[in-house]
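The values are calculated or read from the model by the stated rules, or taken from the named source; none is laboratory data. Bear in mind that the values here come from a model prediction, so they are computed numbers and not experimental data. Here the Cβ positions follow ideal geometry from the backbone for every residue, glycine too, while neighbour counts run over all protein chains shown. These area figures cover heavy atoms from the full protein model, side chains too; ligands, DNA and RNA do not enter into them. Shrake-Rupley method; radii C 1.70, N 1.55, O 1.52, S 1.80 Å.
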Amino acid sequence: AQPSLAAYGDAANVFGSKTGNFSGATDYEGDGYKVALPANWNPSKERPFPGIDLRYVDSFDDVNNLEVIVQKSGKGSITDQSPSDFLNSIGYILGETSAKVESKSEGGFAANKAAAASVLSTNTRKDGNGKSYYEYELLIRTADGNEGGRHQLISAAVSKGNLYVLRVQAGDKRWIGVGKGVREGCINAWNSFTVA
């Protein structure tokens, strides 16, 4: 017979079968929403802007993070405004600078610009209850070249007088370089997001 070895906090595998959650995600149910959190991410108390109800960061690199923002809304549905108008209204979550940048073409950016956002994809989907969501995949690049940019996955819906916005961010080097771990966890969270 083999000894039953277990890491601190784990159940011993006394019967030789797999135990625990091997899905790579932990289901989270907030006040009015659900999301599958990447399993190796941890809660964060940081609140970069108002309305953040939930924030998790990658235990390896906090450039990879997930936030759920909840704000009052006068809309009955996310589709009460166009996808581009909605994205413009939440532009602050993509990052803003408080500095005035004066430059010639830094890193391929236009004169006096230090960042650029590219919309890689947009989608409107309905969940099983008929609730509409706007979804966006963006790549944000900055003149400092840190991480090669940031992938942003955004899903948003309106329910019961509130706007719910999920933003999942991953550094581009992590997105394209580390197997499927970071990208898969981010996409799984993005696809799992639902509101009540």
Check your understanding: From ASN64, ASN112, ASN40, which residue is more than 25 Å from LYS173 (Cβ to Cβ), surrounded by 11 or more Cβ atoms within 10 Å (Cβ to Cβ) and modelled with pLDDT under 95?
Key -> ASN112
Review point. How many of the residues making up region 34-73 are outside any strand (DSSP E or B) and of a type in the set (Lys, Arg)?
Key: 2
Check your understanding: How many residues are over 14 Å from ARG55 (Cα atoms) and of a type in the set (A, V, I, L, M, F, W, C) if we restrict to region 23-38?
Key -> 1
Exercise for review: Would you be able to say whether some residue in region 166-186 is under 17 Å from ILE90 (Cβ atoms), open to solvent by 30 Å² or more (accessible area, probe 1.4 Å), modelled with pLDDT of 85 or more and in a strand (DSSP E or B)?
Suggested key: no
Check your understanding: Taking into account only those residues within region 16-37 that are modelled with pLDDT of 95 or more and among the aromatic types (Phe, Trp, Tyr), which is least open to solvent (accessible area, probe 1.4 Å)?
Key -> TYR33
**Study point:** Any chance ILE52 is of a type outside the set (S, T, N, Q) and over 15 Å from TYR33 (Cα atoms)
**Key:** no
Review point. Does region 121-134 contain at least one residue that is open to solvent by less than 40 Å² (accessible area, probe 1.4 Å) and part of a helix (DSSP H, G or I)?
Key: no
Exercise for review: For region 115-146, name all the residues that are modelled with pLDDT under 90, farther than 21 Å from ARG183 by Cβ and small (Gly, Ala, Ser).
Suggested key: ALA115, ALA116, ALA143
